[in-house]
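The values are calculated or read from the model by the stated rules, or taken from the named source; none is laboratory data. Keep in mind that this is a model prediction, so the values were computed, not measured. Cβ placement follows ideal geometry from the backbone for every residue including glycine, while neighbour counts extend to all protein chains displayed.
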């Protein structure tokens, strides 16, 4: 059953504002934890709204799990190089090639991919709105964590996008 939309617009507006505040404060204070914590309500609301389709339901719940894992990685300063673990620089995931590196940076990149999946598989304007908030905030989070890896991810994404055009 579709979720009610009576208060969806004001809720999405507030969540957009929270994400903007999280991005600005995260960049200003160089604190990925602020950005991540202020993204949590958006991801939670996305999980609440996407309960109809099996793929969107599990994708949104997995996104919430990944975000909570990111909070844990940041709080406990957990660093783990996934490229060394897998023995390669990139991994194919859900139709996308994803560069590997430190787990704290790969996690928001994974969240960006999951938000793209949600954007294309959901039908409601509010779930699409939420997925855009998550996508933009995930990109900002990658930049806050590692500006150098952000450039690598961006270059990699552009190369992948151009590759699919031809």
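Looking at 107, 59, 42, which is the one that is within 13 Å of the chain's Cα centre (by Cα) and within 21 Å of residue 152 (Cβ to Cβ)? The match here is 107.
Only one of the numbered conditions (1) touching a strand residue (DSSP E or B) at 6+ places or on another chain (Cβ under 9 Å); (2) within 24 Å of residue 123 (Cβ to Cβ) is violated by residue 90, and that is (2).
Restricting 46, 52 to those that are under 30 Å from residue 5 (Cβ atoms) and out of contact with any helix residue (DSSP H, G or I) (no Cβ under 9 Å at 6 or more places or on another chain) reduces the list to 52.
Scanning segment 1-23 for residues that are more than 14 Å from residue 46 (Cβ to Cβ) and assigned to a loop (DSSP other than H, G, I, E, B) yields 1, 2, 4, 5, 6, 7. Kindly indicate whether any position in segment 62-78 is surrounded by fewer than 16 Cβ atoms within 10 Å (Cβ to Cβ), closer than 30 Å to residue 9 by Cβ and at pLDDT below 80. No, segment 62-78 has no match at all. Only one entry of 33, 40, 25 meets the criterion of being surrounded by fewer than 21 Cβ atoms within 10 Å (Cβ to Cβ), more than 23 Å from residue 117 (Cβ to Cβ) and in contact (Cβ under 8 Å) with a residue 24 or more places away in the chain, and that entry is 33. Among the residues of this structure, residue 84 does not count as one that is part of a loop (DSSP other than H, G, I, E, B) and surrounded by fewer than 18 Cβ atoms within 10 Å (Cβ to Cβ).
Does any residue of segment 113-121 turn out to be buried (at least 22 other Cβ atoms within 10 Å of the Cβ), in contact (Cβ under 8 Å) with a residue 24 or more places away in the chain and more than 21 Å from residue 32 (Cα to Cα)? Checked against the condition, which is being buried (at least 22 other Cβ atoms within 10 Å of the Cβ), in contact (Cβ under 8 Å) with a residue 24 or more places away in the chain and more than 21 Å from residue 32 (Cα to Cα), segment 113-121 yields at least one hit. Annotation: residue 65 fulfils all but one of (1) in contact (Cβ under 8 Å) with a residue 12 or more places away in the chain; (2) part of a helix (DSSP H, G or I); the unmet one is (1).
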